[in-house]
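A short worksheet on the structure shown next.
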Amino acid sequence: MNIDAARQKAVRVIAVASGKGGVGKTNVSINLSMALAGLGNDVTLFDADLGLANIDVLLGLHPQKNLSHVIKQECELADILISGPGDIRIIPAASGVKMMSQLNDMQHAALIHAFDELVASTDVLIIDTSAGLYSSVLSFCAASQEVIVVVCNEPASIADAYALIKVLHLEHQVDRFRVLVNMVDDREEARFLYRRLVKVCDQYLDVVLDLMGVIPRDAKVIKAVKKQQALLQIYPGSPAAMQFRKLAESVNKWPRSKHANGKQEFFLERIISSHVAEQAGLMI
Ligand SMILES: Nc1ncnc2c1ncn2[C@@H]1O[C@H](COP(=O)(O)OP(=O)(O)OP(=O)(O)O)[C@@H](O)[C@H]1O
Ligand SMILES: [Mg+2]
């Protein structure tokens, strides 16, 4: 498929973010990716987190190469893709995310070309972002069509989610968010947390927050992490796994929206351009 054809393909780009660390972004990214793949989607999971418990660690994978090797033109993007559980493809980003801030024109063009080709065979691109309000997190979210904000029942989680939503709205014009409440004991607790976030946002911001789903606190999630395997793979009948499958069914029905800003350019182009523009800053 040529680049123009690749650009026309309606890839759904979803960023998973939270503000606060440790609320479940990486588990959500992995299991939602697998559940979407289970529904017949071609799913690519982009590890945009340089933290310790990132995708390869959670899945016991040992990538030899990452995005930094593609940027240095030591290999092709296809060479760094790893097959994950449930037929998902994983882009191990590692230091490549940081390097996106230092691309020269040729590297910039080469990376966009590589991603265009990849997108030609992808229905859904899920981006697992870092905790914190780093500019890389913000630009990944701003360039995505959908932003999933993961929250859990800790005061800092709601406060940090609000901080993330605020900066994405005020500085990047994102006006709609999908809220995913994780690690709760019942739906009442989830609705309470969602309402708290809506209340604080409504007070100061003109944004829409959709409650996209609830993932229960489930000891099997912790077990799967310890075993370095995906929940959906080893505990497919667990309560959290069942919710991930329900979540995927609703994500599958989301309208294939244009970018919130009405922009049509491809995602990576926006990411890289914004990074290039910010060369002076520490990106991640
Ligand atoms: N639904 C759940 N039930 C029980 N425990 C959970 C659940 N979701 C996540 N956890 C626990 O929270 C921990 C952190 O999850 P995860 O690494 O996915 O968070 P994160 O938001 O990606 O963290 P970071 O900000 O460091 O990247 C997991 O190791 C697991 O122990
Ligand atoms: Mg993580």
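The values are calculated or read from the model by the stated rules, or taken from the named source; none is laboratory data. As the structure is a prediction and not an experimental result, all values here were calculated from the model. Note that each Cβ is placed from the backbone with ideal geometry, even for glycine, and that neighbours are counted across all protein chains shown. Side chains included, ligands, DNA and RNA excluded: accessible areas come from the protein's heavy atoms. Shrake-Rupley method; radii C 1.70, N 1.55, O 1.52, S 1.80 Å.
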Q: Please name all residue pairs, on different chains or six or more residues apart, with Cβ atoms under 6 Å, provided the first residue is in region 83-99 and is without any contact (Cβ under 8 Å) to a residue 40 or more places away in the chain and the second residue is small (Gly, Ala, Ser).
A: Gly96/Ser68; Met99/Ser68
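Please state which one of Asp105, Asp87 is more than 26 Å from Asp42 (Cβ to Cβ) and more than 16 Å from ligand 1 (Cβ to nearest atom).
Asp105
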Q: Taking the residues in region 44-80 that are of a type in the set (S, T, N, Q) and buried (at least 16 other Cβ atoms within 10 Å of the Cβ) as candidates, determine which candidate is nearest to ligand 1 (Cβ to nearest atom).
A: Asn54
Q.
Condition check: surrounded by 24 or more Cβ atoms within 10 Å (Cβ to Cβ) and touching a Lys or Arg at 6+ places or on another chain (Cβ under 7 Å). Does Ser18 satisfy that?
A. yes
(Q) Conditions first: (1) surrounded by fewer than 20 Cβ atoms within 10 Å (Cβ to Cβ); (2) closer than 28 Å to Leu164 by Cα; (3) within 16 Å of ligand 2 (Cβ to nearest atom); (4) not basic (Lys, Arg). Leu103 passes all but one, so which condition is the exception? (A) (3)
Q) For region 34-77, which residues satisfy the criterion of being within 16 Å of ligand 2 (Cβ to nearest atom), without any contact (Cβ under 8 Å) to a residue 60 or more places away in the chain and of a type in the set (D, E, K, R)? A) Asp56
Q. Does Arg191 meet the test of being surrounded by fewer than 18 Cβ atoms within 10 Å (Cβ to Cβ), within 17 Å of Val16 (Cβ to Cβ) and touching a strand residue (DSSP E or B) at 6+ places or on another chain (Cβ under 9 Å)?
A. no
Q) Among the residues of region 184-199, is any away from ligand 1 (no atom under 14 Å from the Cβ), aliphatic (A, V, I, L, M) and modelled with pLDDT of 95 or more? A) yes
Q: For Glu249, indicate whether it is modelled with pLDDT of 95 or more and open to solvent by 30 Å² or more (accessible area, probe 1.4 Å).
A: yes
